[in-house]
């Protein structure tokens, strides 16, 4: 209401409307592979008053790196809206192989791939020609290559060797080179032999302490089947299968 010097008055009604709030709509895509900065972000803005000032934590919408990012919008009235988000990259593509040695001049070896990280599903390429499987069978002693590719094209490559072992038949007197069999806590091998390797039934190497007086302490090993590789005085390498049992 307004009054003048003579007491006259007038009034008017004014409706005050609240400006539309600033609304940010945003979506992002993670980098295709761990270690890359090729993620992307798209956004749209509605509301606010007048011209809008936009400040982003990234320089290129198609080169988004992993980590926290933000988008700040300020309108002509000084009202602000902020959108914060975290870009998470895929885990590194890691590859672990379980190898089984092959008998000399025979296709009895195998390799099994255990893959983690990346973005499944995975594609397997074996130089042995085994096809798109996580396992390669019927391998002869040789060197091979495996490449694993995830659904985004990220890959992990490895070279592995299927070793050769000499089969020892049960009636072969060389079986007496390792005793007792089965064993509980200690196995002995002939003083004429040199211990070369110790593996489980899958061909995975086992760390062991240096034998004392040709005796190998196996107390820490779980019960199961094992292979001990020995080097004979003749230079021949043989593999003897033996079994660890519990008390």
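Taken together, the values in this text are just the output of simple stated rules run on the coordinates, not laboratory data. Predicted model only: the values in this text are computed from it and were never measured.
Remarks
- If the segment from residue 97 to residue 63 were pulled out straight at 0.36 nm per residue, it would be longer than the present Cα-Cα gap by 8.8 nm.
- Put simply, the convex hull of the Cα atoms in the stretch 8-117 casts, on average, a shadow of 11.1 nm².
- Were the residues from residue 143 through residue 184 laid out at 0.36 nm apart, the gain over their Cα-Cα distance would be 11.2 nm.
- Contact order normalised by residue count of the stretch 173-244, Cα under 8 Å, 6+ apart, percent: 35
- In terms of overall dimensions, the C-alpha atoms belonging to the stretch 173-244 reach 33, 24, 23 Å along their principal axes, ordered largest to smallest.
- Along its three principal directions, the equivalent ellipsoid of the chain from the Cα gyration tensor extends over semi-axes of 75, 21, 12 Å, largest first.
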